[in-house]
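The structure appears right after this line, and notes come after that.
Since every read-out is calculated from the coordinates, none of them should be taken as a lab result. Just so it is clear, the structure is predicted and the values come from calculations on it, not from any experiment. FYI the Cβ positions are ideal-geometry reconstructions off the backbone, even for glycines, and counts take in every protein chain you see.
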Amino acid sequence: MREHGFNMRSKRFAARAGREINYDSFITEWPETGLVVIDSPGDPRPSIGIEAGRVVEMDGRRESEFDMLDRFIARHAIDVKCAERSMAMDGLGIARMLVDIHVPREALVRIFAALTPAKIVEVVGKLNVVEMMMALMKMRARRTPSNQAHVTNKREHPALLAADAAEAVERGFSELETTVGISRYAPLNALAVLIGSQTGRGTALTQCAVEESLGLRLAFLGLTTYAETLSVYGTERAFRDGDDTPWSKAFLGSAYASRGVKVRFTSGTGSEALMGHAEGKSMLYLEARCLKAIKGAGSQGVQNGSISCIALPESLPGGVRGVMAENLMAALLDLELASGNDAMASHSEIRKSAKLMLQFLPGADFIFSGYSSMPREDNLFGGGNFDAEDLDDYNVLQRDMQVDGGVRAISEEQALAVRRRATEATRAVFEELGLPPVTAEEVEAAVHARASADMPMRNVVADLEAADRLLRDGIGGVELIRALARRGYAEIAGKILTVQKLRLTGEYLQTSAVLLPGGRVLSAVNDANDYGGPGTGYQLSARRKAEIDAIPQAIDPRRVGQVSGPPPVDVLAPAGEALPSGDPLDVVIAIGPAFGERLRETLLGLRHEEVLAALISGIEQEGMRPRVVKIHETSDCGFIGHAGAQLSGSGIAVGVQSKGTTVIHRRGLEPLNNLELFPQAPNLTLESYRAIGHNAACYAKGEPVLPVPVQIDNMARLKYIVKTTLLHLCETGCVRAVGAEQMVLNARERAAG
């Protein structure tokens, strides 16, 4: 049986087994443990009971049976005035309202403020992912989409943190989040990122994701301006394992806000199952409880989208749809949405990109709650779904779809300049404040580094002692501003001062607030989402469209293939009208109308004189006489070869377009029928052209011919189609109805061939 292959594997199945997607984990549903995204048998049915303005029954539980989450939601997150009316509405009817352009966002926000967690899940469960995207486009709080970046590195190097922060803001990121491998580094990291965030364009809020008491101290010192580490869970046991309650989280949120620090909470599908406390409920139902608790706690927003747990829901059927549903639920509750897409979601580039599209296309307040602005290996948040080396891809996606993804392309020169300014400012501040010095070598390394492996080692002990001193001595934003001003960095100092002033006014505590140049704030108050169908809501301005379109890789098509000045001297010289020949040794090399003049190289970059020399060499090796003829009447390769064959004494001609596409033609054959065709010009080398000349001569002599091997490159069209089009446009522009002209290749060029 083995000899006949009965026990052998399919080679195609074996090849697919090694694909990236098959390194991801996939499981079947197990509802009793919470390993189900939606519609667990343990999920309650929606219900509400209100007596004397008080919720006494919710989602199948009487008040006496409420756990702490039920009590908190019932007291603080249900609009009791509208609850009975809204809960009585048909779930499918509400779902249809979400995609109805005639139903305004404000009306839906009022409805969802009065719904219980189970009712919210019932409604979003009626929507497919396309409908969820339509709903998110209408329901996000702020009209203008934005983005947040991670800024970390494994060596906790302050110069590199400042450089990466400055470049991220220059690229358009509105928030920067850093964290630490060693918690004691936090003050130094926060200081460096703050400096970078206000360099150049300088319009970002910053945070340092650390333990809450330390996070509060950094915020009080003015070294950070927002926080999002307030985690919320959907079951009582999971909350207790976190040593917290909804009330303590609400208190903590108010502590940040009281000091002018923007705050949003964090939740996400799968966290309760991961902790072993899902209580048989679906991931989406538990997330609805989290979001209701977050709303009741008074937070202006939430970071959700499964975040660190993403691989768990994605292992289950409908996992990506479930993540999209939780994002939508946040927007339905009028919360600022930072929609995830930060933690590594898949080994598969296809799957990662497909998941991203659910938030990228409709837009979110923050499409990433942490785009890895540095290479993935330096991301202390656990990788990064997209990183610094994906930025060109991301910019092209924006350009392809004319979608504002909250990022802009910058030139290498811009990046280097802003990185240098940030690192030099950091060096000056460290010196002014008596911190361990940042050397000139470290500045240069940070300006040009790919990752922290390119950075010199620092004295870790000295840095940690300096970080401790910052906290002990209360050195914060005010001291930083003074240090920058004293050392000649007044513009950075002024921007940090502006942010500190905004803390006093509380302007960026409004829902979905981001900074703009000049200390202005954009939020759901002055930039409310007003989408109501085509032609409404956020539209790309002419300026933003131009910014999205102008990626550095885009070249001016008018310049491709164009030359200035005369052609190289004596490469090709005209020798009169080309006439039919009666010489049986005559083999014509028919060239396109732009060959050697307007265009001088093939797609592969071979000079035209080299190509002709190779063809001539191949023909002459077989004792035939090559004749170069320029065809002016057509730019089509088949017709160039056909025209050459009519002039050839042997009846054989080689037709060559200026971009290098080549054909061997015989008189008597139709123009699109030929002896040999070589359509992929980028795969033709000088040796290929020499072999083509050899074969043409053999055809002319009537000898058996082994066709020239043709290399197939399936990526050639992708790589060269634009250049092909532009070169062919140029050649077509040279077409004129003047017949054919005999050309002579300079003897020196022939010898070189």
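Brief remarks on what is shown
- Of the peptides 322-330, 256-264, the ranking by mean beta-carbon count within 10 Å, highest at the top, reads 322-330, 256-264.
- Protection proxy ranking for 346-356, 164-174, 701-711, 615-625, using the average of other Cβ atoms within 10 Å per residue and placing the highest first: 164-174, 615-625, 346-356, 701-711.
- Among Phe239, Phe265, Phe251, a tally of other beta-carbon atoms within 10 Å of each Cβ gives an order, fewest to most, of Phe251, Phe239, Phe265.
- Relative frequency of Cα-Cα separations exceeding 19 Å in the range 572-752, percent: 51
- Placing unit charges on each Cβ (+1 for Lys and Arg, -1 for Asp and Glu) gives the range 572-752 a dipole about its Cα centre, and among Val722, Val710, Ser658 the Cα reaching farthest toward its positive end belongs to Val722.
- Scattering profile of the chain at q = 0.05, 0.11 Å⁻¹ [log10 I(q)/I(0), Debye over alpha-carbon scatterers]: -0.38, -1.06
- Cα centroid separation - the range 283-360 against the range 529-560, whole Å: 28
- Cβ-based net charge around Tyr531, under 14 Å, with every Lys or Arg adding one and every Asp or Glu removing one: -1
- Dipole magnitude of the range 572-752, debye to nearest 20 (Cβ charges: Lys/Arg +1, Asp/Glu -1, about Cα centre): 300
- Tail fraction, Cα-Cα pairs, the range 301-389, threshold 16 Å, whole percent: 49
- Over the range 217-326, volume per residue of the alpha carbon convex hull, in Å³: 95
- Its Cα gyration tensor gives the range 27-158 an equivalent ellipsoid. The semi-axes, each the square root of 5 times an eigenvalue, are 29, 23, 18 Å from largest down.
- Since only Ser411, Ala428, Ser372 are under comparison, the one whose Cα sits farthest along the positive direction of the charge dipole of the range 369-433, derived from C-beta charges on Lys, Arg, Asp and Glu, is Ala428.
- Separation of alpha-carbon centers, the range 587-659 and the range 663-726, rounded to whole Å: 11
- Restraint check, Lys119/Lys295; Lys262/Lys495; Lys262/Lys295, Cα-Cα greater than 23 Å: none
- Net charge of Cβ neighbours under 11 Å - reference Arg264; Lys, Arg +1; Asp, Glu -1: -3
- Take each peptide in 674-682, 371-379, 731-739, count the other Cβ atoms within 10 Å of every residue, and average; sorted highest first, the result is 371-379, 674-682, 731-739.
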